[in-house]
Every structure is written in structure tokens, then in C-alpha cells.
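Contents: one structure, followed by commentary.
Every number in this text was worked out from the coordinates using simple rules, so none of it is lab data. These numbers come from a predicted model, not from an experiment. A quick note on method: Cβ atoms are made from the backbone with ideal geometry, for glycine too, and the neighbour counts reach across all protein chains shown.
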Amino acid sequence: TGCYTSQTRIKMANRIGESTLGEAELFSSLASLETGYPYPTGKFAEAWKRILFNQFHDILTGSGIRDTREHAMGEFQKSMAEANTERSGAMRSIVSQIDTSAFTMDDDDSHLNSEGAGVGHGINEFQITQVGRARGTTRLFHLFNSAPFERTQLTELTVWDWPAADVPLIEVCDASGKTIPCQITNHGYNNYWGHDFAKLLIEATVPACGYATYVIRRSKDAIAANRFGEFSCYREAGDPDWQRVAAPYEYVLENEYLRAQFDLQSGDLV
């Protein structure tokens, strides 16, 4: 009873496994055609066998015994290891052919080195590990889109070891040099990785089955232009350009007739 809903990890693994393997095959194909990247036919075949085996009617439904579930999750981990390794390798092969000579790097800021920062960052969301390998205050990000149509959406970027005092000066431009809006959502020191970080949102547009390049750099202005709403520490009180993004921390249910507010600790109706 309840096996179709209680064993959601197996269903999650199946869907994520299918999606990730599909992306790995897509970018491996493109990398093979454009850069000579060796297409790993055998590895993909083995990974698909594991995914498909776990679609057996007593596994995917969750109606097997506990050992069945644990075996299925182990097979999922093996498939994801293969898929992420090949997906990452293919993307790196494509990126190695992108001409970025138009962007001047900062030799005077070579001490701002993020090498090794963020190893494993993103794995909890089944992404490719987002490790930092950049330095200085000009950072290049290549965003990939596996969908068969152009996508425009907010995308979160993590910049490692950017000087904390210069976080308000961060600005973002596209490959043509056009400045685009960005929003700093968080910054500070990450004790786990032992590095400074800054998280920001940009509205990125990436073509179908392709990539787009975005550049993070230090603005020459006191406050970088083209911002979304920011932390209050970056704006003076009463500034007409200020837009508050974060709402007060409260539990509220509201419609056009009623507004109910609840106590944060007890859940009682205030």
C-alpha cells in the first residue's frame, strides 16, 4: 500500500537519469562533430542499460523489497557518474574552441585566484560540479541549452574569490559587450570550501542546442548599472531607484477579502 507514491526516489532517479543521459549524448555528439571529441558509445550503452533495467515493473513502481530499492539507487549513481563525466567533458571540449580573445583579462589581479573553489558545488541538485578555475575580476561563463528551442530565463551564477569590497561593482555583459541586468543575491565566505563567493542572477538567453557567453567584470562606477533590486547596503535610504525584492519574513494567507497572519513559532493565528 502506498508503494506508487512512497518510493519517489526511484521515480526521481529514473527521470533525472533519462534527462542527464540525453544531455550527455547531445553535447557529446556536438563535440564529436565540431572538435573531434571521442564519442563514448560503450559507456552510454551501459548507462542506458542500468536506467532501463530500473524501469522493470516491480522497480519503477516502488513495489519491490528494500534491497531492490537500494540496488536501483546504486545503479542510478553509476549511470549519473558516467553521464556527468561525459556531459562535462563534451562541454569543456566545446568551450576550448570558443574564441574569447576579445575579453581582456586582469594581470594585475592575478592574486584573485579561485582555483579549486566549489568542488562538488551543485552535485546535490544533480548538476555538473561548479568548480572555480578563474582569477582576476574578469570572469567568463559559458551557458549551455539542451532544449530544441531558444530559452530566456533567470540563471544563477556563483563567482568564487571575487574581492568582497568590490561585490557592489559587479556588472555583467553578453558576448557583444552589452551590459545586462543582474542581481546580487548573496555573498560572503563559505566555510566548507574555504573561499569567498558571490551569487548573482542574470537574465540569460541561450540558443537551441547551443551556448552563450557572459562576462562578469568590475564596473568603473561606484555602483554597477542595470541592477535588479539589491541588498539595502548598496542603496541609500529614500533612493528613488531602490526596489525591495525580499519580503518580510512572515506567514500570511491573503485574498481580496481576508488577510490571515500566523505566529512564526507556534503557528497560531495572530
Cβ-derived FRET efficiency at R0 35 Å, residue 127 paired with residue 63, nearest 0.05:
0.70
Using alpha-carbon pairs under 8 Å, 6+ residues apart, how would you state the relative contact order of the chain in percent?
14 percent
When the dipole is taken about the Cα centre of the chain, and only Lys, Arg (+1) and Asp, Glu (-1) are charged at their Cβ, what size is it in debye, to the nearest 20?
740 debye
Mean separation of Cα pairs under 8 Å and 6+ residues apart, divided by the residue count of the range 1-137: what relative contact order is that in percent?
26 percent
If the cut-off is 26 Å between C-alpha atoms, which lysines fall inside it for residue 178, apart from same-chain ones fewer than 8 positions away?
199, 220
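Per DSSP helix of 4 or more residues, -39500 (n - 2.57); summed, then divided by the residues of the chain. What does that give at 222 nm, rounded to the nearest 500? Before the final figure, lay out the partial values.
Working: 4 runs with 75 residues, N = 270.
Here the helix-only value at 222 nm equals -9500 deg cm²/dmol.
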With each pseudo-label sitting 7 Å past Cα toward Cβ, what's the residue 81-residue 254 distance in nm, one decimal?
5.1 nm
Which one of 70, 156, 254 has the biggest mean-square fluctuation once the chain is modelled by GNM with Cα springs under 10 Å?
254
Taking all pairs of distinct Cα atoms, average 1/r, flip it, and tell me the Kirkwood hydrodynamic radius of the range 19-133 in Å to one decimal place.
16.6 Å
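How large is the direction-averaged shadow of the alpha-carbon convex hull of the range 130-208, in nm²? Write down the numbers at each step before the final one.
Values: hull surface 22.9 nm².
Orientation-averaged projected area of the Cα hull: 5.7 nm².
Using 1/(1 + (r/R0)^6) with R0 = 51 angstrom and r between the beta carbons of residue 113 and residue 73, what's the FRET efficiency to the nearest 0.05?
The calculated FRET efficiency here is 0.85.
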For residue 78, which lysines qualify as cross-link partners when the Cα separation must be under 21 Å and same-chain residues fewer than eight apart are set aside?
11, 43, 49
Report Rg (one decimal) and Dmax (nearest whole number) for the range 1-48, counting Cα atoms only, units Å.
15.2, 52
Over the Cα atoms of the chain, how large are the radius of gyration and the largest Cα-Cα distance (Dmax), in Å?
22.7, 65
When all alpha-carbon pairs of the range 128-172 are counted, what percent fall beyond 15 Å?
54 percent
Yeah, the range 34-101 with a ≥ b ≥ c from its alpha-carbon gyration tensor (a/c under 1.5 is rounded, else prolate when a/b outruns b/c, oblate otherwise) is prolate
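Ratio of alpha-carbon Rg to the 2.2 N^0.38 Å globular estimate for the range 79-202, to two decimals, please.
For the range 79-202, the normalised Cα radius of gyration comes out at 1.10.
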